[in-house]
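Student: Right, I'll just put the structure down here and ask away after.
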Amino acid sequence: MCIRDRSTWGMQGQKFSNDDDKMLYLERTPVKSRDGNGQFGDDINDEEGTKVKLLQRADLKPEVHFFGQIVGGVNFGHDDGLFCEMIVETGPKWEMITPTKTYQTQTCYSEEGEMYYWCHPFDIHYKAAELSGWPKAIFRVWRLDNSGKIDIISYGECSFPRVSGFSKIECETWSPIADWKSNSFSFFLGNNPRLSSADITEKKRHARDNLSSRSSGKIVLEFEVILKNFKRLGLT
């Protein structure tokens, strides 16, 4: 059977419609016929003997590839060493192809008012069954003081870019404001108020409605985004 007998011929990756007006796609793979007559089950051959596989719309899933770096942080108001932890969160219908969803930078020291340069790379690849639950990052900024003690000083979150190409994002962070008792401990012991549960930033965001906080520094990120199968599926 020849494709031209039923529909309009297209190059690899282009779409055409069959008799049922279903959206199909072409994948061309140069192989030889097993039985010599050009029959490959659900596959067909073109006039040059090239195996052509027909993909329906349901066979395609949108894929998103994020890679870039956590450039650094600024305006945190500390002269101690700082490092950043990033946790990637998505909806339940997103499948992570790369195994890593948590990234932690090295500790950086900076002069007052200058940027803490972390320049920590990340490489994240997803396959999605639906677009709801777009990836977002949960940040925790940690401080390392002169005695070797580490403590969380701020939290933040931001959504990943939804357009292909280069993007630069500045994520604002915040710190919780505790009661007078916790503030007394912070003054004498040098401990910053911290959340009792990480679920407040990851899952139970409605609990932040009753949480007092103040602005902290901001985290600078750079992204390169590659979108796959979005145009084929008519997604924007």
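The values are calculated or read from the model by the stated rules, or taken from the named source; none is laboratory data. Quick caveat, the model's predicted, so the values are computed rather than measured. Counting neighbours? That spans all protein chains shown, and the Cβs are built from the backbone with ideal geometry, glycine included. Surface accessibility is based on the protein's heavy atoms, side chains included, excluding ligands, DNA and RNA. Shrake-Rupley method; radii C 1.70, N 1.55, O 1.52, S 1.80 Å.
Student: Could you list, in sequence order, the residues of segment 112-149 that are under 21 Å from Trp174 (Cβ atoms), within 15 Å of the chain's Cα centre (by Cα) and of a type in the set (A, V, I, L, M, F, W, C)?
Tutor: Within segment 112-149, Ala137, Ile138, Phe139 qualify.
Student: Could you go through segment 150-157 and let me know if any residue there is under 22 Å from Glu224 (Cα atoms) and under 13 Å from the mean Cα position of the chain (by Cα).
Tutor: Looking for residues that are under 22 Å from Glu224 (Cα atoms) and under 13 Å from the mean Cα position of the chain (by Cα), one finds at least one in segment 150-157, hence yes.
Student: Could you grab the pairs with beta carbons closer than 7 Å, sequence gap of 6+ or different chains, first residue in segment 216-233 and under 14 Å from Phe122 (Cα atoms) and of a type in the set (A, V, I, L, M), second one open to solvent by less than 30 Å² (accessible area, probe 1.4 Å) and not in a strand (DSSP E or B)?
Tutor: Within 7 Å, the pairs are Val225/Pro161.
Student: Among Arg194, Arg205, which is modelled with pLDDT under 90, on the phi < 0 side of the Ramachandran plot, surrounded by 16 or more Cβ atoms within 10 Å (Cβ to Cβ) and not aliphatic (A, V, I, L, M)?
Tutor: Arg194
Student: Taking only segment 72-93 into account, find how many residues are open to solvent by 20 Å² or more (accessible area, probe 1.4 Å) and over 15 Å from Gly156 (Cα atoms).
Tutor: 7
Student: Sticking with this structure for a sec: Given the residues Ile138, Ile124, which is the only one that is open to solvent by less than 30 Å² (accessible area, probe 1.4 Å), β-branched (Val, Ile, Thr), touching a residue at least 60 places away in the same chain (Cβ under 8 Å) and assigned to a strand (DSSP E or B)?
Tutor: Of the residues listed, the single one that is open to solvent by less than 30 Å² (accessible area, probe 1.4 Å), β-branched (Val, Ile, Thr), touching a residue at least 60 places away in the same chain (Cβ under 8 Å) and assigned to a strand (DSSP E or B) is Ile138.
Student: Continuing with this model, one more query. Sort out which residues of segment 63-109 are touching a His at 6+ places or on another chain (Cβ under 8 Å), hydrophobic (A, V, I, L, M, F, W, C) and more than 18 Å from Pro135 (Cα to Cα), and write them in order of number.
Tutor: Matches in segment 63-109: Cys84 only.
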